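Worksheet: the structure to be examined is printed underneath.
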Amino acid sequence: MSLPSRITQVELAQPSLDTVLRLCFIADSRSLHTARWLRFFSERGHSVALVSSHPPQYGLQVDSYYPLSTRSRAPATRIVKNVLEVRKAIRDFRPDVLHAHYINEFGWLGALSGFHPFVLTAWGSDIYQAPFQSPLAGVLSPWAVRRADYVTADSDDQVERLRTMGAGVDSSVMVTWGVDLAKFTGRTGSVWREKHGIDGCRFVVLSPREWTPNSNIDLIIKSFAIARSERPEMLLVLKYWKERTPLLVQEKIAVQIASLGIKDSTLIIDEEPEDILPEMFAAADVTISVCSSDGTPVSLLEAMASGSAVVVSDLPSLAEWVEEGVSGFLVGTSDAEQIASRLTRVSDDSSLRRRLGEQARRVIERKADRTENFERVENAYQRLVCSGSSGRRHAL
């Protein structure tokens, strides 16, 4: 099966030069990040279309939804089928801009569609892991990056990685997912604690990451058990997505918790509704995330905005946000004793905990206001459209 010829804006329609755009996104609708991104531009008055393997979620309303097939009859032809589906969506919706979120596979589909202007956003593992784990990603991901007219990522380290993959210096920028500062302000967490029956004197250690191998949940549990042996008031809160977590993983975590004798000091919660997250992070004395590979997780930004002290992996992307001992702590991903010592240190020193939280909040106010970051992307969309040429690269 051969792919149709390249589509350009000129073939479809000359784009409008006013402020209202037709934006077509290829993205995973199951991600809250996708819903937030699309919702922002829809609320700004732009016409938004979503191309995804699942319908819009999290209450997201879009002008048009185009489904992607998750399988095909002939072996190894699903990608080709998806490209044809993307191209049909483009012809039906007639966008001004095509924007793919996550390089593989959505970025591949956007690049293979041949449409311009084409914007590409990296999410982290599609840079740090996929190109080295999959021969196909090793070829198609750099190719998709080179095909994009504009590329964004949520840390400077990722942007540098994208440039080694072929992104232009003037057309690759750091744009964070950001935080809705109005929502993550003035919360105490008391409502959330009461909902879950958590006594006010408990020291809450929150782990907000999904239970995947990369998240090192077993290390967090082991570290907590060490700290809790000296500080019995500690409570570990493990948040996960039950529907996406294999039963075998759930059972393994349960066995580890029981074997370490911390069952009575562990609370396991399912994915929380979006409007509950500000209270949840405000309820956390410490938020911990020790992934082996990471970009800039929104959970970290929201925890920092809430004034929670943070303990995170000493990775380049995270070091851009967390200054050791000033706005949080950076730790390795193999030393449970080191992580435990950070937990006990923050637990023992309320003034330190307060200083870390206050400084973390200032970092977010300075760098991670969602509206400011998304407005930069909106301006980039406008410039790409108004340039009137395909493939040219522009700075924000």
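Within the stretch 322-346, the residues that satisfy the criterion of being surrounded by fewer than 20 Cβ atoms within 10 Å (Cβ to Cβ) and under 21 Å from R202 (Cα atoms) are S341, T344, R345.
What are the residue pairs meeting all of these: first residue in the stretch 130-157, first residue closer than 18 Å to G114 by Cβ, second residue acidic (D, E) and surrounded by 17 or more Cβ atoms within 10 Å (Cβ to Cβ), Cβ atoms under 9 Å, and 6 or more apart or on different chains? As it stands, the answer is L140/E105; S141/D126, since those pairs meet every condition given. Being in contact with a helix residue (DSSP H, G or I) (Cβ under 8 Å, 6 or more places away or on another chain), free of Cβ contacts under 8 Å to residues at least 12 places away in the same chain and surrounded by fewer than 24 Cβ atoms within 10 Å (Cβ to Cβ), is that true of even one residue in the stretch 287-297? Among the residues of the stretch 287-297, not one is in contact with a helix residue (DSSP H, G or I) (Cβ under 8 Å, 6 or more places away or on another chain), free of Cβ contacts under 8 Å to residues at least 12 places away in the same chain and surrounded by fewer than 24 Cβ atoms within 10 Å (Cβ to Cβ), which makes the answer no. Within the stretch 220-260, being within 21 Å of F281 (Cα to Cα), under 27 Å from the mean Cα position of the chain (by Cα) and either not assigned by TED's automatic domain parsing to the domain that holds L206 or not charged (D, E, K, R) (or both) holds for I220, I221, S223, F224, L235, L236, V237, L238, Y240, W241. Report yes if A282 is assigned by TED's automatic domain parsing to the domain that holds R353, crowded, with 21+ Cβ neighbours inside 10 Å and not acidic (D, E), otherwise no. For A282, the condition - assigned by TED's automatic domain parsing to the domain that holds R353, crowded, with 21+ Cβ neighbours inside 10 Å and not acidic (D, E) - is met.
Scan the stretch 114-136 residue by residue and report those that are more than 30 Å from D96 (Cα to Cα) and not hydrophobic (A, V, I, L, M, F, W, C).
Answer for the stretch 114-136, where residues must be more than 30 Å from D96 (Cα to Cα) and not hydrophobic (A, V, I, L, M, F, W, C): Y128, Q129, Q133, S134, P135.
For the stretch 318-334, the criterion of a residue being free of Cβ contacts under 8 Å to residues at least 60 places away in the same chain, in a loop (DSSP other than H, G, I, E, B), aliphatic (A, V, I, L, M) and closer than 17 Å to D157 by Cβ is satisfied by at least one position. If the condition is being in a strand (DSSP E or B) and more than 12 Å from G357 (Cα to Cα), then the stretch 296-316 contributes V312, S313. Among residues of the stretch 298-314 being touching a residue at least 40 places away in the same chain (Cβ under 8 Å) and within 19 Å of L219 (Cβ to Cβ), the one that is surrounded by the most Cβ atoms within 10 Å (Cβ to Cβ) is A303.
Each residue in the stretch 149-171 was checked for being buried (at least 16 other Cβ atoms within 10 Å of the Cβ) and either among the hydroxyl-bearing types (S, T, Y) or in the same structural domain as E320 (by TED's automatic domain parsing) (or both), and 4 pass. Among residues of the stretch 174-187 that are closer than 22 Å to T121 by Cβ, those with a beta-carbon under 7 Å from a residue that is among the hydrophobic types (A, V, I, L, M, F, W, C) and in a strand (DSSP E or B) at least six positions away or on a different chain give the pairs M174/A153. Only a single criterion out of (1) in a helix (DSSP H, G or I); (2) over 23 Å from F203 (Cβ atoms) is not satisfied by S293, namely (1). You will find that of V326, V331, V346, V322, the residue that is at pLDDT 95 or above, within 18 Å of the chain's Cα centre (by Cα) and hydrophobic (A, V, I, L, M, F, W, C) is V322 and no other.
Say whether the condition of being at pLDDT 90 or above, among the β-branched types (V, I, T) and in contact with a Pro (Cβ under 9 Å, 6 or more places away or on another chain) is met by at least one residue in the stretch 146-163. No, every residue in the stretch 146-163 fails to be at pLDDT 90 or above, among the β-branched types (V, I, T) and in contact with a Pro (Cβ under 9 Å, 6 or more places away or on another chain). On the stretch given as the stretch 91-128, residues that are crowded, with 24+ Cβ neighbours inside 10 Å and touching a Cys at 6+ places or on another chain (Cβ under 8 Å) total 4. Considering the stretch 194-230, the residues that are surrounded by 20 or more Cβ atoms within 10 Å (Cβ to Cβ) and of a type in the set (D, E, K, R) include one that is farthest from A336 (Cα to Cα), namely R209.
The values are calculated or read from the model by the stated rules, or taken from the named source; none is laboratory data. Just so we're clear, the structure is a prediction, and the values are computed from it rather than from any experiment. Here the Cβ is made from the backbone with ideal geometry for all residues, glycine too, and neighbour counts use every protein chain on show.
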